[in-house]
2 protein chains.
Amino acid sequence: MASERQFSRRTLIGGAGALTLAATAAGPASASAATAKRDVDVAIVGAGLAGLTAARDLVAAGKSVVVLEARDRVGGRVLNLRLANGQVTEGGGEFIGPTQTRMKALADSLGVETFATYNTGDNLLYKDGKRTPYATGGPLGSVPPVDVAGLANAAIVQASLNDMAKQVPIDAPWTAPKADEWDRQTFETWLRANAVVPSAKFLLDVACTSIFSAEPRELSLLFVLYYIAGAGDADHPGTLERLTETAGGAQELRFVGGSQLVPVKLAATLGDRVVLNAPVRSITKSGARYVVSADGATVTASRVVVAVPPPLAARISYDPLMPASRDQLTQRLPMASVAKAIAVYDTPFWRADGLNGQVVSDSGVISSTFDNSPPDASFGALMGFIEADKARQLDAASEAEVRAAVLKDLTTYFGPKAAAPTSFALHRWNNEQYTRGGPVSIAAPGVLTQYGRSLRAPVGGIHWAGTETSVYWMGFMDGAVRSGERVAREVLAAL
Amino acid sequence: MASERQFSRRTLIGGAGALTLAATAAGPASASAATAKRDVDVAIVGAGLAGLTAARDLVAAGKSVVVLEARDRVGGRVLNLRLANGQVTEGGGEFIGPTQTRMKALADSLGVETFATYNTGDNLLYKDGKRTPYATGGPLGSVPPVDVAGLANAAIVQASLNDMAKQVPIDAPWTAPKADEWDRQTFETWLRANAVVPSAKFLLDVACTSIFSAEPRELSLLFVLYYIAGAGDADHPGTLERLTETAGGAQELRFVGGSQLVPVKLAATLGDRVVLNAPVRSITKSGARYVVSADGATVTASRVVVAVPPPLAARISYDPLMPASRDQLTQRLPMASVAKAIAVYDTPFWRADGLNGQVVSDSGVISSTFDNSPPDASFGALMGFIEADKARQLDAASEAEVRAAVLKDLTTYFGPKAAAPTSFALHRWNNEQYTRGGPVSIAAPGVLTQYGRSLRAPVGGIHWAGTETSVYWMGFMDGAVRSGERVAREVLAAL
């Protein structure tokens, strides 16, 4: 096991990397500097999109704020990796799509532009050792060419999930009329009863691991429906397609310069209110105020916003103690398991073959891929997700072993040119000290109905943010931004 | 929210309590004393039965040891509460039974005697508003008098569970031939397919909450089978009956003077090797040694034994980081939800009514009870478990509210005399800072097959103990002792 810093370094090709990006941005101070003690209105734990957005809104309302960040960079689960060619690629969250309006507005306000994820040409299905191109789009979205019975079954299952999701009150899924029934079984149990054609089960399994980086057996059916319900906004009910699709879905757009530009630029507007290298260890009530103690920094505040994933919020020591409902919730929202691998080439050669770079596969270590090239296609990049069981199986593998497995897969899908990238980047979120999995917390049966009420409920002067607390687009950058905006309103109403 | 100390105080009637018991015992030092820095062979985190047993065996082998305990008492989930009448009752683990030989041997070695749990007279079934006494024992154990179809169904389900449990390799449940099938569904899903008669489902539900303090929907079927398989020893395959029964089962015997006498006396033999008030915050490798930092104490050691529940082990900061397989395991083994309520009377009046004090109920806040009177019956005590959903629903209730609900139940079961106890004790493990639930960690679907291998696997020089790591009697005091003995052997082989 290496330390977090070692992991970060290992994942960066060409020396300079994400840490440099953050460090050279204007603003953030380090915990060892003159920041040792501060007295503010609101202390915020975590400089991901949620914490930074909350800070922006609180500062705009005239409040004094400090954001304490454990890492030596901002952005949380959003991370630019520097490539050997001097360009960047994304190691974490990177896409946005329709109805993800809050992330879009934030990026717009910071001058970070979007561009369409490359989506011209055919998708590829790799199944039973056979490679079949297929067209994107159509009434059912991009449905891989499996047997007709499987397609019909998958369409019915998809429609059922969307219908059931409509019955889930998005701000209180535990009040759904069938909440008890849906929260007592795994998604796997439900799929086995409904996706009865093997190829339909395959398609749903791939959708599940692609969306959650978790296997269907790990998830409560209610949690899956809640997540689908959240893939929209007040005017557009959430759908499974909006989670899985590229055009018209959550993978539609990318950010010019890499998604981490958004939190980096946002942090820059906050100046030395953002303190890096300051992992928070304890939050202690002292009279009407809270003392937030981090390595190298102590902040006193009237209100505290904790904007880190639930399993990490559990690792902070609270005095007074968290109520059992909150503590046991944080014991029950583990992070899923994900890594991202990016192979870089001189050109996006697959485009000339009529392929869009998107694969759905029944084997290998990467079962879904995207064309991650920059907007000007000045180089080519293929990005593959390593997810759920496959991520876990590679957690202890060396980077060379993972690289070999990924390049084998890419060669199978895209031909021999894929075997020789000019550089290769790998980011393994399970091994990151201040995330320990990804992209998002998941809930097993029984969690939402018994503990869901504690997801957002403030405890005294302590408020909760982070994508897991968002009503819409939980698990996405947009959910993080929404949670930051919501928590800022909550705190302002209370101050 | 009150601090942990406040919770402890609230649960103690009559002033003096468990803390006093521990504090007056010979031995343990406090972290604020001369114990500030020590250099030993083995540092042990947690002075529950597991940590103390490991310490005993390591000391016996000539090794130097320090046990760092977060609380101001030893015993972990084993706790004597002082009653208003000057006697004690148990707020935590209290029973032992057949095949729990390691806990029995430990108690014997310390001169702590056992006595039979009171089991003379009839059990009570309270169901559909009706109170029905029934005899204990018989070929199927103590089966409440439900309809014949329900009894037949329950017997078949019980036999099936025992048969399936026999197919679970006790030291590696993830290798069971049907591990994948059993680990992809909740126990609830399996029960609904198999306990099809409503009264049979009721009996199995009560068995589940009584055993796990969790609802069937929270548990992987494989985890339930693994737990049943562990309710025995190498010569006696585990059975469901051995978990649920009083005579012949895990509730057969109690300890004279209260179960906490065992860890208190064991700690006394270790003298100032046990350091109280020393919550461990970090474990850092430094060359070939580890630095274990606690509030008020720092210990340097060649090996470290972490003997606390998995969700609390996750709250220690490790450098180097834990591997993902271990960290994500500890995100996925939440504590179940339990409180114990004990009502004390001048006499065990129910005995004169021909009742043994044991109830199975379909309503109220306590769905199972025991006669918790001392061996000489110098006073009477009824103990009720508040478990799973019922415990969660009362987590935020005042002690007066819980007391009123418990006494209402006891009056329903045992008549008007139960309404006026001479004293009342309540211990709510969900609210305890250094347990945060109980009696034991539980596993949802997918956890054992993907993460079970990390339960006991040492990470460098860090070894794992605690009842959750025991092959036999996980979740019981016997499992804790077995885990301490196993980890001591493991460390001695490595030193």
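Since every read-out is calculated from the coordinates, none of them should be taken as a lab result. All values derive from a computational prediction rather than experimental measurement. Here Cβ is always computed from backbone atoms with ideal geometry, including for glycine, and neighbour counts include all displayed protein chains.
Plainly put, the tip 7 Å out from Cα toward Cβ on residue A:152 is 4.1 nm from that tip on each other copy, the closest given first. Start at zero, step by 5 Å, and the Cα-Cα distances of region B:369-418 spread as 5, 18, 24, 23, 18, 8, 4, 0 percent across the bins. The angle between the Cα long axis of helix B:148-166 and the main principal axis of chain B comes to about 20°, on a 0 to 90 degree scale.
Near residue B:101, within a Cβ-to-Cβ distance under 12 Å, what is the net charge of the other residues, with Lys and Arg +1 and Asp and Glu -1?
-2
Sequence-distant contacts, meaning Cα pairs under 8 Å at least 6 residues apart, place the relative contact order of region B:274-332 at 30 percent.
Give me the Kirkwood hydrodynamic radius of region B:324-405 in Å, from all C-alpha pairs, to one decimal place? It would help to have the intermediate numbers written out before the result.
Working: mean 1/r = 0.0680 Å⁻¹.
Evaluated over region B:324-405, this radius sits at 14.7 Å.
Among bridges DSSP assigns within the protein assembly as shown, what percent are antiparallel (round to 5)? Around 65 percent antiparallel, to the nearest 5. A P(r) calculated from all alpha carbon pairs of region B:378-461, with 10 Å bins opening at zero, reads 13, 34, 26, 14, 11, 2 percent. Peptide A:188-198 has a mean of 2 when you count, residue by residue, the C-beta atoms of other protein chains within 10 Å of its C-beta. Across the identical copies, the label point of residue B:172 (7 Å from Cα in the Cβ direction) is separated from its matches by 5.0 nm, in order from shortest.
Residue by residue, region B:193-206 carries 3J(HN,Hα) couplings of 7, 10, 8, 8, 7, x, 5, 5, 4, 4, 4, 5, 4, 5 Hz when phi is fed to the Karplus relation 6.51 cos²θ - 1.76 cosθ + 1.60 (θ = phi - 60°); x denotes Gly or Pro. Quick check: net charge around residue B:143, other residues with Cβ under 11 Å of its Cβ, Lys/Arg +1 and Asp/Glu -1? Net charge around residue B:143: -2. Residues whose amide H comes within less than 5 Å of that of residue B:256, counting only those at least five positions distant or on another chain, are B:113, B:114, B:115 (H built at 1.01 Å from N in the peptide plane).
Dividing the summed helix terms, -39500 (n - 2.57) for each DSSP H run of n ≥ 4, by the number of residues in the protein assembly as shown produces a 222 nm estimate of -9500 deg cm²/dmol to the nearest 500. Working from the Cα coordinates of region A:254-330, the gyration tensor eigenvalues give, after taking √(5λ), semi-axes of 27, 17, 10 Å in decreasing order. Once the convex hull of all Cα atoms in region A:25-173 is built, its volume per residue stands at 222 Å³. Taken over region B:69-135, the convex hull of the Cα atoms encloses 200 Å³ per residue.
Taking 20 °C and 1.002 mPa s as the conditions, I'd like the Stokes-Einstein D for region A:165-279 in µm²/s, using the Kirkwood hydrodynamic radius from alpha carbon pairs. Write down the numbers at each step before the final one.
Details: Rh = 16.6 Å.
Stokes-Einstein gives a translational diffusion coefficient of 129 µm²/s.
Amide hydrogen proximity for residue B:423: with H placed 1.01 Å from N in the peptide plane, the residues at 5 or more positions away or on another chain lying under 5 Å are B:344. Shown in residue order for region B:479-486 are the 3J(HN,Hα) couplings computed by the Karplus curve 6.51 cos²θ - 1.76 cosθ + 1.60 at θ = phi - 60°: x, 4, 5, 4, 5, x, 5, 5 Hz (x for Gly and Pro).
Each residue of region A:427-435 was assigned a 3J(HN,Hα) from its phi angle through the Karplus expression (A = 6.51, B = -1.76, C = 1.60, θ = phi - 60°), giving 10, 10, 5, 4, 9, 7, 3, 9, 9 Hz with x at Gly and Pro. Close amide-amide hydrogen proximity is noted between residue A:337 and A:388, A:438, each under 5 Å apart and 5 or more residues distant or on a separate chain (H modeled in the peptide plane; Pro and chain starts excluded). The translational diffusion coefficient of chain B, from Stokes-Einstein at 4 °C and 1.567 mPa s with a Kirkwood hydrodynamic radius over alpha carbon pairs, comes to 57 µm²/s. The mean sequence distance of close C-alpha pairs (under 8 Å, at least 6 residues apart), as a share of the length of region A:145-272, puts its relative contact order at 25 percent.
Using a 10 Å cut-off on Cβ to Cβ distances, tally the other chain neighbours for every residue of B:176-185 and report the average as a whole number.
2
Label-to-label distances for residue B:194 across copies, nearest first, come out at 2.6 nm, using points 7 Å from Cα in the beta-carbon direction.
Over 36 Å, how big is the tail of the calculated P(r) for the protein assembly as shown, in percent of all Cα pairs? The share of Cα pairs beyond 36 Å in the protein assembly as shown comes to 51 percent. Computed over the Cα atoms of region A:150-193, pair by distinct pair, the Kirkwood hydrodynamic radius stands at 11.4 angstrom.
In chain B, the beta-carbon sitting nearest the axis that superposes B on A belongs to the residue given here with its distance in angstrom, B:444, 2. Pairs exceeding a 18 Å alpha-carbon distance, out of A:130/A:408; B:63/B:104; A:127/A:417: B:63/B:104; A:127/A:417.
What net charge is computed for the residues neighbouring residue A:444, neighbours being all others with C-beta under 10 Å from the C-beta of residue A:444, Lys and Arg scored +1, Asp and Glu -1? Surrounding charge for residue A:444 is +1.
What whole-number volume per residue, in cubic angstrom, does the convex hull of the C-alpha atoms of region B:186-241 give?
On the way: hull volume 4.1 nm³, N = 56.
Looking at region B:186-241, the number lands at 74 Å³ per residue.
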